[in-house]
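Report on one structure; see the data block that follows.
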């Protein structure tokens, strides 16, 4: 036990040091008022007691329907403690990223030796994409921590662990709505693994209350029950824009402008008529594309999935920089090759461990398939990177598994 604690401390220290060094290097070139996806604006409104509202592109302060409350609340709490300072937020995120590396070791210890488990944690500690995302003022780092903590809890047998896992998983959904259907993965894996029905029941009992409350908030505003409109927003901003680029030959900016003009937006609530019209237009266009252009949609999905798994993230912080710098050409191809090797090892590790890691493999597939599309990229790989690391080191032969 003492040796495990020491190794966990080493992993945390290494991961934190690397992230703080990266922050020190990148912070001078980051926009001090960076506000990607309105998260910081929403946090300011929450900290000021104005509710979950932000300044929309129309110039009005409106309720936001696409973003969910956990990350803005996280930023609002940091604002209350230390003020509205970008450096403060990113230092905290560096700590969360380092903690994720520690939790990765604890998950791996269920099947692997201490040395191999520590290797998985260190792999996350030095992964460039995992490091850079700690300096990105978006949900990815916090969401990844919640996913890893949830995985750690559901790999235990105690009922309290499953109850807590359900609550943590609901926080994950309210951090990034892409996790909305993870409960189906948990139920499916639980039935395969013959988990006690009482544990599955406790998981669901803790999972749904927070989501129901947030859906009730949206219903009170719009008349519809839903957790987030981010699926529709992402579909419009990635799929529809990408298809317009290909079919019309427009530039990315021109295609984006055309989509916004034709379909409106469901990100902010400007009234029920506009909301229903935009929602219906996006839905109908999506059905039409899947019916008339199935091969094109399949191709875009495959490219997006490949981007999630192999994307180097060369332009990951471009929108946050004061002066975007051209990425050196030599490292992205090397990183892609490294991710190909990493992924191949993870697949072999999954076969080697068999059904013991079915949850890890299922979650990897879930996240990759749900974010596949024209907008798929390296930042969406972050929540599955710890699982890929565990499966990759599991491919190492002749390792002693924990007793």
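The values are calculated or read from the model by the stated rules, or taken from the named source; none is laboratory data. Bear in mind the structure is a predicted one, so any value in this text is a computation, not a measurement. Positions of Cβ are generated from backbone atoms using ideal geometry, with glycine treated the same way; all protein chains shown enter the neighbour counts.
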Going by what's in this entry, would residue 176 be described as farther than 22 Å from residue 17 by Cα, touching a helix residue (DSSP H, G or I) at 6+ places or on another chain (Cβ under 8 Å) and surrounded by fewer than 21 Cβ atoms within 10 Å (Cβ to Cβ)?
no
Which condition from (1) touching a residue at least 24 places away in the same chain (Cβ under 8 Å); (2) over 20 Å from residue 386 (Cβ atoms) is the one that residue 330 breaks?
(1)
Here the residues within segment 162-185 that are in contact (Cβ under 8 Å) with a residue 40 or more places away in the chain, under 21 Å from the mean Cα position of the chain (by Cα) and farther than 16 Å from residue 145 by Cα are 180, 181, 185
Considering only residues that are in a loop (DSSP other than H, G, I, E, B) and over 23 Å from residue 371 (Cβ atoms), look in segment 252-273 and name the one that is farthest from the chain's Cα centre (by Cα).
271
Quick check on residue 375: is it surrounded by 15 or more Cβ atoms within 10 Å (Cβ to Cβ) and part of a helix (DSSP H, G or I)?
no
Here the residues within segment 316-329 that are within 17 Å of residue 130 (Cβ to Cβ), part of a loop (DSSP other than H, G, I, E, B) and out of contact with any helix residue (DSSP H, G or I) (no Cβ under 6 Å at 6 or more places or on another chain) are 317
Go through 359, 345, 363, 370 for me and flag whichever is touching a helix residue (DSSP H, G or I) at 6+ places or on another chain (Cβ under 9 Å), part of a helix (DSSP H, G or I), modelled with pLDDT under 90 and surrounded by 13 or more Cβ atoms within 10 Å (Cβ to Cβ).
370
Over segment 21-52, the set of residues loosely packed, with under 14 Cβ neighbours inside 10 Å and more than 21 Å from residue 317 (Cα to Cα) is 48, 49, 50, 51
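Test residue 252 against the criterion of being touching a helix residue (DSSP H, G or I) at 6+ places or on another chain (Cβ under 9 Å) and farther than 30 Å from residue 360 by Cα, and give yes or no.
Details: touching a helix residue (DSSP H, G or I) at 6+ places or on another chain (Cβ under 9 Å): yes; farther than 30 Å from residue 360 by Cα: yes.
It is true that residue 252 is touching a helix residue (DSSP H, G or I) at 6+ places or on another chain (Cβ under 9 Å) and farther than 30 Å from residue 360 by Cα.
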Can you pull out the helices (runs of 4 or more DSSP H) entirely within segment 192-251 that have at least 1 residues that are over 22 Å from the mean Cα position of the chain (by Cα) and touching a residue at least 40 places away in the same chain (Cβ under 8 Å)?
197-222, 241-248
Quick check: anything in segment 302-311 farther than 30 Å from residue 127 by Cβ and surrounded by 20 or more Cβ atoms within 10 Å (Cβ to Cβ)?
no
Please work out which one of (1) closer than 14 Å to residue 390 by Cβ; (2) free of Cβ contacts under 8 Å to residues at least 24 places away in the same chain is the condition residue 112 fails and give its number.
(2)
Mind listing whichever residues of segment 279-296 are in contact (Cβ under 8 Å) with a residue 40 or more places away in the chain and either in a helix (DSSP H, G or I) or under 15 Å from residue 229 (Cβ atoms) (or both)?
279, 282, 283, 285, 286, 289, 296
Here the qualifying pairs (Cβ atoms under 6 Å; residues six or more apart or on different chains; first in segment 315-326 and within 14 Å of residue 27 (Cβ to Cβ); second assigned to a loop (DSSP other than H, G, I, E, B) and modelled with pLDDT under 90) come out as none
Only one residue in 332, 386, 312 is part of a helix (DSSP H, G or I), touching a helix residue (DSSP H, G or I) at 6+ places or on another chain (Cβ under 9 Å), at pLDDT 85 or above and closer than 21 Å to residue 131 by Cβ. Which one?
386
